[in-house]
Amino acid sequence: MDFNFTDEQQLLADTVQRFVREHYSFEARREILQSPAGWSREIWQELAGLGLTALNVPEEHGGLNGGPVDTMLVMNVLGEGLLLEPFLGAAVLAPALLTRLDDAAAAKELFPTMASGERIVIVAHQEPQTRGELNHVTTRAEKSGDGYVLDGYKNVIAHGGAADELLITARTSGKTADTDGISIFRVDPKAVGVTVKAYCTIDGQPAADIELKKVKLTAASRIGAEGKAFAAVEAAHEIALSAICAEAVGIMKAINTATLEYTRNRKQFGQPIAKFQVLQHRMADMFLQSEQAKSMSYLAAIKCVDPDAAERRRSLSAAKVVIGQAGRYVGQQAVQLHGGMGMTDELIVSHYFKRLTTIDLIFGDSDFHTQQFIAASRSA
C-alpha cells in the first residue's frame, strides 16, 4: 500500500505544525488552561483562519470537504501540542453527524458558521451508562402539541460548556438500548430547562454535564427523520474515534521526543542516562509501541468509512485497543524515566500522560473494544 501523502496533505500538516510551534508553547498552553474558560476562542478563530474548522464541512457549504486522512494529519499535530480547543467535537464529530443526517435546511443554516468558526456546535450524546454503547440513550423527547419536551441527562460532554448550540440525542420511541427510536435535536444551551455544569477532566480538557428538565422544543428543532438517527450517530462516532486515535499517536511522538531529550541531558554516575543500555532498551520499546500505534491509526483512518460494517468495526476496535495499550505503556515508561518529576505539572510529560490515559476511555476503553473486536470478527 502507498502510505505517502499528497502534496496538499503534507502542506496541511506542515501548516498546522508551524502554527502549533509558534502559538502553542507549553507556557502559552498553561495560561490558556488557567483561564476561566479553559480554552481560547482567539486560538479557535486562528484555527478557523487556517481553514481547519472548515476541514470536514462539505464544499457546497463553504467547507474543504476533507477526509479522514486529512483529519488524521491535523489531529497528529494537535495531539503534539495538546490543544485545549474543541477541534474533535466541533470540527470532526459535529460536521460528520450533520452531514449524515441529510437535513438540507439544518445543513444550510449551520455549516457556514461552523466552517468560519463563528458557531461552535457540540454533540451531546454520552450518558452515565453509555460506556461505548452508542445505542444506550435514556434521554427522552415526548411529543407535545406540534413540538417536543426534552428530559434527560448527558455527562462528560467534551467542551459542552463552549457550545453555542448543542446537538442532543434523545429517544422519541423504543426502549433504552434500541437502535431505532433515536432522534437529534438542536438545543440552545441557554434555553429554559437546560443546565450546563462545566469543569475540567483529569487531563485539563474542558467538559460539561448537561441536565435537561422539560425543555420545550419546536418541531423544527429536530434534525433528520424522527427515530432514525442512530446510523448517523454511529458513523460520526466512528470517524471521531479514528481522529482521537491520531491524536494519541501525535502525543506518543511528542512524549518520546521529550523523554529522549531528557535522558540525554540527565546525568548519573558522570554520564547521560541515555547511555545506559537498560534504558536504551526501554526507549526502543517505547518507539516500537508508538510506531505500531501509528500503523493502526492509518488503518483506522482508511477503514472508518468502509462500507463493510463488520470490517469497519473490527478495524476501529483493533486500533483503539492497540493504541490504548501503547499509550499506557509509553506514558508510564516516560514518567518513570523522568523520575518523580514526571508526575508534576511543571513538566509537559505529565500532561501527555494524563491525556493518553483519558483518550483510552473516550468512545469506549480497551476492554470494551476488545469485546467489540471479538463480536465483529464472529459476524464477519
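The values are calculated or read from the model by the stated rules, or taken from the named source; none is laboratory data. Remember, it's a predicted structure, so these values are computed and weren't measured experimentally. Positions of Cβ are generated from backbone atoms using ideal geometry, with glycine treated the same way; all protein chains shown enter the neighbour counts. Calculation scope for accessible area: heavy atoms of the full protein, side chains included, ligands and nucleic acids excluded. Shrake-Rupley method; radii C 1.70, N 1.55, O 1.52, S 1.80 Å.
Taking every protein chain into account, the accessible area of the chain amounts to 45 square angstrom per residue (probe 1.4 Å). Look at the dipole of the chain built from charges on Cβ: of ALA170, SER377, GLN280, the Cα furthest out on the positive end belongs to GLN280.
The ASN265 and TYR199 beta-carbon pair, evaluated with R₀ = 35 Å, returns a calculated FRET efficiency of approximately 0.45. Remark: region 115-125, residue by residue, has Karplus-estimated 3J(HN,Hα) of 5, 7, x, 6, 10, 9, 10, 10, 7, 10, 10 Hz, where x stands for each Gly or Pro and the curve is 6.51 cos²θ - 1.76 cosθ + 1.60 at θ = phi - 60°. What list of ³J(HN,Hα) values in whole Hz, one per residue of region 9-24 in order, does the Karplus curve 6.51 cos²θ - 1.76 cosθ + 1.60 (θ = phi - 60°) give from phi, with Gly and Pro shown as x? Coupling constants for region 9-24: 5, 5, 5, 4, 4, 5, 5, 5, 4, 5, 4, 5, 5, 8, 10, 9 Hz. Carbon-plus-sulfur accessible fraction, the chain (probe radius 1.4 Å, protein heavy atoms only): 52%.
Pairs with C-alpha atoms separated by more than 31 Å, drawn from the list LYS197/LYS303; LYS190/LYS294; LYS216/LYS303; LYS175/LYS216; LYS143/LYS320, are LYS197/LYS303; LYS190/LYS294; LYS216/LYS303; LYS143/LYS320. Evaluate E = 1/(1 + (r/R0)^6) for PHE5 and ALA284, where r is the Cβ-Cβ distance and R0 equals 30 Å; express this FRET efficiency to the nearest 0.05. Once the sixth-power term is evaluated, E becomes 0.70.
Over all other residues within a Cβ to Cβ distance under 12 Å of VAL192, the charged ones net out to +3, with Lys and Arg as +1 and Asp and Glu as -1. Taking the Cα centre of the chain as reference, the dipole from Cβ charges on Lys and Arg (+1) and Asp and Glu (-1) amounts to some 1020 debye.
Taking a point 7 Å out from the Cα of LYS214 in the direction of its Cβ, the residues of region 161-202 whose backbone N falls within less than 12 Å of it are 193. Amide H contacts of LYS216: LEU150, each under 5 Å away and 5 or more positions distant or on a separate chain (H built 1.01 Å from N in the peptide plane; Pro and chain starts excluded).
Charges at C-beta only: +1 for Lys and Arg, -1 for Asp and Glu. How large is the resulting dipole of region 198-347 about its Cα centre, in Debye rounded to 20? Dipole magnitude for region 198-347 comes out near 120 debye. Mean projected area of the Cα convex hull of region 270-316, taken over all directions, amounts to 3.8 nm². Protection proxy ranking of 83-96, 158-171, by the mean of other Cβ atoms within 10 Å over each peptide's residues and highest first, is 83-96, 158-171.
With helices as the sole contributors, the chain gives -17000 deg cm²/dmol at 222 nm; each DSSP H run of n ≥ 4 counts as -39500 (n - 2.57), and the sum is divided by every residue. Taking the centroid of alpha carbons for each part, region 327-366 and region 269-308 are 14 Å apart. Projecting label points 7 angstrom from Cα along Cα→Cβ for THR176 and LYS190 puts them 3.5 nm apart.
Under the classification rounded if a/c is under 1.5, otherwise prolate if a/b is larger than b/c and oblate if not, where does region 1-122 fall, given a ≥ b ≥ c as square roots of the Cα gyration tensor eigenvalues? Oblate is the answer for region 1-122, as a/c is 1.5 or above yet b/c matches or exceeds a/b.
Express in nm, to one decimal, how much length is gained between SER377 and ALA104 on full extension, taking 0.36 nm for each residue of separation and deducting their alpha carbon distance.
94.6 nm
Across the chain, Cα pairs under 8 Å and at least six residues apart give a relative contact order of 15 percent.
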